[in-house]
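In what follows, a structure is listed as structure tokens, so that the remarks can point back to it.
Bear in mind these aren't lab numbers, they're just calculated from the coordinates by the rules spelled out. The structure presented is a predicted model; accordingly, all values stated were derived computationally and were not measured. Note that we place each Cβ from the backbone using ideal geometry, even for glycine, and neighbour counts take in every protein chain shown.
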Amino acid sequence: MPASIDDSPPRPHTMKSQKDFHNREEIDQLEEGIYRALETTEERLDGRCDDIYFAMDLSISALTSKIEAIQGELVEIQSYIAR
């Protein structure tokens, strides 16, 4: 019979489950920390998105105002030519 590649005998699972590893208060504190970290991250991402969106919105508004001004000048030029 050919020899096995793994000559070591199988080892039983060495980690034993620990009952009540954390008490309820510790779990609540961990959970609170997780939610606080999530809120902080969400606020930071919202701020970054706002910075991007509002900067673009201001740029678009500025361009729209310039287009309207140019259109007004074009109407003046057209009426001058029509006279």
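Across region 23-83, how large is the tail of the calculated P(r) beyond 16 Å, expressed as a percent of all Cα pairs?
The calculated P(r) of region 23-83 puts 69 percent of pairs beyond 16 Å.
When Lys and Arg each count +1 and Asp and Glu each count -1, what net charge do the other residues less than 14 Å away from residue 38, Cβ to Cβ, add up to?
Counting the neighbours of residue 38, the net charge comes to -4.
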